[in-house]
Each structure stands twice: as structure tokens, then as C-alpha cells.
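Written below as C-alpha cells is the structure these notes are about.
Nothing in this text is a laboratory measurement; each read-out follows from the coordinates by a stated rule. Because the structure is predicted, anything quoted here is derived from the model rather than measured. Neighbour counts run over all protein chains shown; Cβ positions are idealised from the backbone, glycine included.
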Amino acid sequence: MPADGFYEWKKLDAKTKQPFAFGMANGQPFAFAGLWDAWKDPAGGWLQTFSIITTEANQLMARVHDRMPVILKPEDYTRWLTRDPGSAQGMGHGDPPIDLLRPFDSDKMESSPANPGVGNVRNNGPEMLNSA
């Protein structure tokens, strides 16, 4: 899943959370590791589902939360998206590259406090990246 940033909330006290924006230090887009599937529900309608995979937090992220999305390195995109049809106990899908499910390098990322309004879906715009 392509992205250029994401938010995570740091719990400050029992009632207060501060959102933080995370992205690449070089400002470039990146990709989350995810799983996608399409299947028919019991009524016969198609349902498409997607999930972003998480892992333990890197050093930068650990200041805010104990987990983070798996961010793939560009050189690993093909491995994530491709399976070797000759493996996986004859299932034809290949073994998933679970070694890619690791925290991304902290020194290649940046974070900053974000506008608390980011938690409301009605708020959208570049001002959400700045703390108010």
C-alpha cells in the first residue's frame, strides 16, 4: 500500500492523546506491507478486505507507541508481491517473506507532533500535519 505518511497517537494521560505524523526523512513516498483478499459473503455479494501489517516499534516510533506499520524497502517490493509457485507445501503460493516483517530504520524516518484535529474525519488538509 503506497503512502507518504501516517499518524499515531501518544497517550499523555488517561484522557489526552497527542497525534504524531510519521514519514520518510527524505520526504519520499513508501509502501506498507499489507494483505488483500476478495471473497463472497453468505448472501453471495463480493467483499474486499485489506489490512496493514504491524510489527514492534523502531526507536523513533517507540517514543509514541509500541507498534508500527511494516514499511517495505523499495528493493523488497517485488519479494512481497511475488510468490514462488513451487513452494508452500504444494499450495502453489510460495512461502511468505516473513523476514520482511521488521521495524523500518529509525534514521530514515522523521516524526513531528500533529494537529489534534486529525482524529476527526471531517478535518483534512496540510494544517493537520502541524500541531496546534
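Observations
- Its relative contact order, with pairs defined as Cα atoms under 8 Å and 6+ residues apart, puts the chain at 24 percent.
- Reachable aspartates and glutamates from K11, criterion Cα separation under 15 angstrom, eight or more residues apart if same chain: D66
- Order of E75, E127 under a 10 Å beta carbon neighbour criterion, fewest first: E75, E127
- The alpha-carbon of K108 sits under 23 angstrom from the alpha-carbons of these lysines, leaving out residues fewer than 8 places away in its chain: K10, K73.
- Burial ordering of I71, I53, I98, fewest other beta-carbon atoms within 10 Å first: I98, I53, I71
- For the chain, the fraction of alpha-carbon pairs in successive 10 Å shells from zero, as %: 11, 33, 31, 18, 7, 0
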